[in-house]
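Following: one structure in structure tokens, then a few remarks.
The values are calculated or read from the model by the stated rules, or taken from the named source; none is laboratory data. Because the structure is a prediction, the values reported are computed rather than measured. Note that we place each Cβ from the backbone using ideal geometry, even for glycine, and neighbour counts take in every protein chain shown. The accessibility values were calculated without ligands, DNA or RNA, using every heavy atom of the protein model including side chains. Shrake-Rupley method; radii C 1.70, N 1.55, O 1.52, S 1.80 Å.
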Amino acid sequence: MRPTATNLTQWIWLGVMGLAAAPALAAEFAAVEARLSDLGPADTAIVINESPLDGILEVRLGGDVVYISDDGKHLFQGRLIDLDTRVDLTSRAQNAIRQARIAEIDQEQFITFGPDNPTHRLMVFTDPDCGYCRRLHEQMDAYIAEGIEINYMGFPRAGENSGTFDKLVSVWCATDQHAAMNAAKAGDDVPTRTCDNPVSEHYQLGQEMGVTGTPALMGFDGTLIPGYVPAEDLKARLDQQANAQ
């Protein structure tokens, strides 16, 4: 559920249920609530959590993470890093937001290339007219050999009213999606087709989750890896992330 202007207060207090249990904090959170209600559209999801800093709260606004003083007077944006553990707490919060959105995705919408029993599974936001997207696709056999499954999602960098968008629609509407994707990534013509397709949904979802360019590789845990990474290097990076969990 996304909040509306009438249920925004309920949404915020659900996010801080544990904190709201302390009566002394009620006035502070009322001030925070008042400020947050003016920051964006009424349908923006807002969740407030504690941060490790005294007097500072973590706020998740849609797909963004910002920080606000508990009196609602000061807001700042940036990366919060625990120097003892070297953990990027802002990235961890952003990953949690993306992970929640990923859980809602219909995986039947993917165009998937990969081994029968993958070691790692990634979603890849792709644009068939992007040079590095084509380079990634040219090495698909190498990714498969490394045990990596690539699940494509459409992300036309030129937007929804573009030739690239139409090309992605044709790929998703093709009888043989894999052959159509291969042709598109090779720069060949793809027969124009239309159907009920997820390309617009993928594009909007990518924007919500912080995708700004292609290829954008994303783990199902919400971890974002922007840009092309060669197969062997990607395998090493994914192994390291898995071992750190």
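Tabulated results
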| item | result |
| --- | --- |
| Span from the region 108-123 Cα centroid across to the region 66-107 one, whole angstrom | 27 |
| Chymotrypsin sites (Phe, Trp or Tyr not before Pro) restricted to region 157-211 and DSSP loop, no more than 16 other C-beta within 10 Å | none |
| Calculated FRET value between A158 and Q77, using beta carbons and R₀ = 30 Å, to 0.05 | 0.60 |
| Rg and Dmax [Cα atoms of region 187-245; Å; Rg one decimal, Dmax integer] | 15.2, 45 |
| Rounded FRET efficiency, nearest 0.05, which uses the C-beta distance separating A186 from Q240 and R0 of 45 Å | 0.90 |
| Local electrostatic count at F165 - Lys and Arg +1, Asp and Glu -1, tallied over other residues with Cβ under 10 Å | -1 |
| Computed magnitude of the charge dipole of region 109-245 (debye, nearest 20; Cβ of K, R +1, Cβ of D, E -1) | 180 |
| Translational diffusion coefficient (Stokes-Einstein; Kirkwood radius from C-alpha pairs) of region 102-165 at 37 °C, 0.692 mPa s, in µm²/s | 259 |
| Percent carbon-and-sulfur accessible area, region 100-146, ignoring ligands, DNA and RNA, probe 1.4 Å | 40 |
| Pairwise FRET efficiency - D88 versus A145, Cβ, R0 = 45 Å, nearest 0.05 | 0.90 |
